[in-house]
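Before any comments, here is the structure.
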Amino acid sequence: MRGMKHARLIRIAFASLLGLAVAAGIAWWQLNTASRMATSGLPGLGGPFTLVDHTGRTVTQADFGDRLRLMYFGYTYCPDVCPTELSAMAGALDRLGPAAERVQPLFISIDPQRDTVSHMKDYVVLFHPRLVGLTGTPEQVQAAAKAYRVYYAKAPGGGADDYLMDHSSFVYLVSPAGAVVTVFPAKTTPDAMAEGIRARL
Ligand code: NI
């Protein structure tokens, strides 16, 4: 009788300990997940890149100091979407005033065949004095686009040098460490973009 009571007590104690361990495990997992989200931003999006800027210098994601990166992938021959988005980025920076110094706008070509370094140099100044144009080898561009899950392809029906590019259109706000913290969909207004950037400055 006494032995059975003892065994029952041990079973209850064991079950309680097991319950505590499970609860502690869940709490740890939740904390861990929350902190991972806070430090890495949108999981699986973004990453390091190596490209060539519009002055011919090879640069990586790490070359823009402690500024937030405001990034857009497109091409200089784009008739409408790219100019609209680059203008929105410039407009957002204008609205930020002096705080815009803490943001680095980047335009990454997905058409390296035509977007040469000198062509990028002539193009970026049309939008913002601090806009950096990035191009590179087809492989470098492909790797950068893949990291940001950017779709791009030559549109059917064009010639060898006269063609349109199909491409996804998002403006990415990226931390100095390379984490994507905000994605602005196409047609975000300069006001909304400025507000989104200010929230991260
Ligand atoms: Ni475009």
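So what is the relative contact order of the stretch 66-194, in percent, for Cα pairs below 8 Å that sit 6 or more residues apart? Relative contact order here is 34 percent. Under a model in which nothing but the beta-carbon of Lys, Arg (+1) and Asp, Glu (-1) is charged, the stretch 49-191 shows a dipole of about 340 debye around its Cα centre.
Peptides 189-196, 61-68, 166-173 ranked from most to least packed give 166-173, 189-196, 61-68, packing being the mean of other C-beta atoms within 10 angstrom over each peptide's residues. Judged by the mean number of other Cβ atoms found within 10 Å, the most tightly packed of the peptides 122-133, 69-80 leads the ranking 69-80, 122-133.
The listed peptides 155-161, 83-89, ordered by packing as a protection proxy, come out as 83-89, 155-161 (highest mean of other Cβ atoms within 10 Å first).
Each of LEU68, PHE49, TYR123 was scored by the projection of its Cα onto the charge dipole of the stretch 45-201, and the greatest displacement toward the positive side belongs to LEU68; charges sit on the C-beta of Lys, Arg, Asp and Glu.
Secondary structure note: in the stretch 64-201, about 55% of the DSSP beta bridges are antiparallel.
Any chance you could check the Cα centroid distance between the stretch 135-176 and the stretch 42-77 for me, in angstrom? One Cα centre to the other: 13 Å. Taken along the Cα-to-beta-carbon direction at a fixed 7 Å, the label points for ASP94 and GLU195 span 1.9 nm. Rg/Rh for the stretch 92-182 (Cα atoms only, Rh after Kirkwood) is 0.99. Each of PRO185, ILE197, LEU106 was placed along the dipole of the stretch 51-201 (beta-carbon charges, centred on the mean Cα), and the one lying farthest toward the positive end is ILE197.
Bear in mind that the values in this text are calculations on the coordinates, not laboratory data. This is a predicted model, so every value here is computed, not measured. Note that we place each Cβ from the backbone using ideal geometry, even for glycine, and neighbour counts take in every protein chain shown.
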